[in-house]
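What follows is a structure written as structure tokens; I'll ask about it next.
The values are calculated or read from the model by the stated rules, or taken from the named source; none is laboratory data. Because the structure is a prediction, the values reported are computed rather than measured. No Cβ is skipped: glycine too gets one built from the backbone with ideal geometry, and neighbour counts run over all protein chains shown.
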Amino acid sequence: MAILLRRSTSVLQSLKHKLGFWSTLSLQSSGGVFGRSRDQHLVSFPYNSSSPNILWIGRFASTVAVNHLDPLPFSDSDDDQQQSLEFPGGKVTYTSEMTFISESQEKRVPCYRVLDDNGDLLLGSHLQQVSKEVATKIYNDMVTLQVMDTIFYEAQRQGRLSFYLTSSGEEAVNIASAAALSPDDVILPQYREPGILLWRGFTLQEFTDQLFGNKSDYGKGRQMPIHYGSKKLNYVTVSSPLATQLPQAVGIAYSLKMDKKDACAVTYTGDGATSEGDFHAALNFAAVLEAPVVFICRNNGWAISTNVSEQFRSDGIVVKGQAYGIRSIRVDGNDALAVYNAISTAREMAITEQRPVLVEALTYRVGHHSTSDDSTKYRPLQEIEYWKTTRNPVNRFRNWIEKNGWWSDREEAELRSNIKKQLMHSIQVAEKTVKPPVAEMFSDVYDVLPSNLQEQEKQLRETIIKYPKDYPSDVPL
Ligand SMILES: Cc1ncc(C[n+]2csc(CCOP(=O)(O)OP(=O)(O)O)c2C)c(N)n1
Ligand SMILES: [Mg+2]
């Protein structure tokens, strides 16, 4: 065992040597660049139900993640006679004061934004220029996502789909993060991120075929609806067990590092999924392996009926980055422009510095968790209404592009009606496309089907023949 350990350490070291560890970009604070404006506004967020549901949203002058936490309550004066402990992993100074680190900072980590709720650019915001072409595509895709959600949700209610799950309220995190990435970046989604696929060119027909589990579905109808995936578009198929994608993303990022690719892995997680051990293992692995991975947490306040205050007692997710030695930022997930800026900067850091970055995007799930849920049973209607209207990310971005003269009512009406027509057509096509045959349930895992699975297939076929009414008639035997 010891030999094995020694060997793997030396392999790692030689790998490090081979990789030459990219030169690092200095991110030192330079005067005003990192200065914070104190122009802060109160925004309610479904946090700590015990305390008032209030969160400070601050206006930042910078998009760059720096030490935005207050320093720990230690200074050189704590140094006991200037002595220190030479400890594996670094020097630690002594102190004769017995100080426990507080469980929380006095002030919550502020939230980076550049647009106010009306879509007006906040004075002093530092942001990259976004071209008319990129901005209108961001808007186009956010609207497409909205229309998809409306039509597919209805299709499920009509019994044409078995299940569906909307991204309503989270359109900006979906689309603006995708816009900030390169097509070479490998995406490992949770499940509420179809917008990245949309941005990359997954067609409405491809979405619909997956939802209907027909022969054109790349998953061959084996998965529940919304488990999209595309090899061509570097989008790893959604998997139902929460957080499994996170350590996988670190592995992929590490392989991109070894291959010296100009790309990173980007993985998404909900707030609830961060309670899984995999989240913590992934962050630690990523930090230690210096893997170019961007973790994007969509903190939408709820994990089905579990409020974030019952999920964790930390100041959200952003503070967990520092605990693992990962640079992190909190961003207003309903401000598409801020998301775009934060993710492009995070991506740049991940690749040029070969390090992980954590982005916590504060947003809200406006719809029910899925078609199997009724969220009015566990949260107030006013809360939903507030996020649907005042904090609507699509309207906010529309206001901004309209003010730039890049959008009009006529274009809006044309876009919505056009997408609707395309979707109705896609549904008709998907419904007429045959289902994958029964044999596909057993293929693609083993080269030669093991005897127990051969037996299961035989039994299944016999049962279908015996009880034909209990099985869908459109699945070819
Ligand atoms: C390991 C595991 N535990 C539980 C579930 C059931 N489950 C599916 S979604 C979900 C809530 C996840 O919430 P969050 O991560 O916040 O994502 P959101 O739905 O809010 O986007 C749960 C508990 C699961 N799929 N996998
Ligand atoms: Mg959630």
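Among residues belonging to the range 315-330 that are of a type outside the set (Lys, Arg) and more than 15 Å from residue 269 (Cβ to Cβ), point out the one that is farthest from ligand 2 (Cβ to nearest atom).
Here the residue is 325.
Further question: Kindly establish whether residue 151 is among the β-branched types (Val, Ile, Thr), over 22 Å from the mean Cα position of the chain (by Cα) and at pLDDT 95 or above.
Yes.
Would you confirm whether any residue within the range 260-282 is among the basic types (Lys, Arg), closer than 24 Å to residue 383 by Cβ and either within 16 Å of ligand 1 (Cβ to nearest atom) or touching a residue at least 12 places away in the same chain (Cβ under 8 Å) (or both)?
So far as the range 260-282 goes, no, none of its residues is among the basic types (Lys, Arg), closer than 24 Å to residue 383 by Cβ and either within 16 Å of ligand 1 (Cβ to nearest atom) or touching a residue at least 12 places away in the same chain (Cβ under 8 Å) (or both).
Let me ask something else about it. Please enumerate the residues belonging to the range 276-310 that are of a type outside the set (A, V, I, L, M), under 19 Å from residue 362 (Cα atoms) and either away from ligand 2 (no atom under 16 Å from the Cβ) or part of a loop (DSSP other than H, G, I, E, B) (or both).
Listed by number, the residues that qualify are 300, 301, 305.
If you don't mind, there's one more thing I want to ask. Residues in the range 306-317: is at least one more than 10 Å from ligand 1 (Cβ to nearest atom) and over 30 Å from residue 117 (Cα atoms)?
no
Can I ask one more? Look at the range 369-397 and say how many of its residues are without any contact (Cβ under 8 Å) to a residue 40 or more places away in the chain and within 16 Å of ligand 2 (Cβ to nearest atom).
Residues flagged as without any contact (Cβ under 8 Å) to a residue 40 or more places away in the chain and within 16 Å of ligand 2 (Cβ to nearest atom) within the range 369-397 amount to 1.
In addition: Just need a number here: residues in the range 144-175 that are assigned to a helix (DSSP H, G or I) and free of Cβ contacts under 8 Å to residues at least 12 places away in the same chain.
Counting residues in the range 144-175 that are assigned to a helix (DSSP H, G or I) and free of Cβ contacts under 8 Å to residues at least 12 places away in the same chain gives 2.
Exactly one condition in (1) in a strand (DSSP E or B); (2) within 15 Å of ligand 2 (Cβ to nearest atom) is not met by residue 273; state its number.
The single condition residue 273 does not satisfy is (1).
Taking the range 122-143 only, how many residues are out of contact with any Phe, Trp or Tyr (no Cβ under 7 Å at 6 or more places or on another chain), surrounded by 12 or more Cβ atoms within 10 Å (Cβ to Cβ) and not in a helix (DSSP H, G or I)?
The total comes to 6.
So, of the residues in the range 175-195 that are charged (D, E, K, R) and within 16 Å of ligand 2 (Cβ to nearest atom), which turns out to be surrounded by the most Cβ atoms within 10 Å (Cβ to Cβ)?
193
Still on this model: Please find, within the range 144-171, the residue that is nearest to residue 418 (Cα to Cα) out of those that are among the β-branched types (Val, Ile, Thr) and surrounded by 21 or more Cβ atoms within 10 Å (Cβ to Cβ).
The extreme case among them is 144.
In the range 237-256, how many residues are within 16 Å of ligand 1 (Cβ to nearest atom) and not small (Gly, Ala, Ser)?
Residues flagged as within 16 Å of ligand 1 (Cβ to nearest atom) and not small (Gly, Ala, Ser) within the range 237-256 amount to 9.
Further question on the same structure: Can you report the number of residues in the range 229-241 which are hydrophobic (A, V, I, L, M, F, W, C) and either within 16 Å of ligand 2 (Cβ to nearest atom) or part of a strand (DSSP E or B) (or both)?
Residues in the range 229-241 being hydrophobic (A, V, I, L, M, F, W, C) and either within 16 Å of ligand 2 (Cβ to nearest atom) or part of a strand (DSSP E or B) (or both): 1 in total.
If I go through the range 443-476 residue by residue, how many of them are aromatic (Phe, Trp, Tyr) and farther than 27 Å from residue 160 by Cβ?
1
Considering only the range 285-324, state which residues are surrounded by fewer than 17 Cβ atoms within 10 Å (Cβ to Cβ) and farther than 29 Å from residue 376 by Cβ.
288, 322, 323
Which residue pairs have Cβ atoms under 9 Å apart, sit 6 or more places apart or on different chains, and have a first residue in the range 455-474 that is among the hydrophobic types (A, V, I, L, M, F, W, C) and a second that is in a helix (DSSP H, G or I) and surrounded by 10 or more Cβ atoms within 10 Å (Cβ to Cβ)?
460/438; 460/441; 464/438
Report, by residue number, each residue of the range 242-270 that is within 16 Å of ligand 2 (Cβ to nearest atom) and surrounded by fewer than 21 Cβ atoms within 10 Å (Cβ to Cβ).
242
Which residue is nearest to ligand 2 (Cβ to nearest atom), if the candidates are limited to the range 159-174 and must be of a type in the set (Ser, Thr, Tyr) and in contact with a Pro (Cβ under 9 Å, 6 or more places away or on another chain)?
167
Test of understanding: among 375, 370, which residue is surrounded by 15 or more Cβ atoms within 10 Å (Cβ to Cβ), touching a His at 6+ places or on another chain (Cβ under 7 Å) and at pLDDT 95 or above?
From the options 375, 370, the qualifying one is 375.
Test residue 218 against the criterion of being modelled with pLDDT of 95 or more, among the hydroxyl-bearing types (Ser, Thr, Tyr) and assigned to a loop (DSSP other than H, G, I, E, B), and give yes or no.
Yes, satisfied.
Scan the range 368-399 for residues that are within 14 Å of ligand 1 (Cβ to nearest atom) and under 28 Å from residue 265 (Cβ atoms) and report the count.
Number of matching residues: 2.
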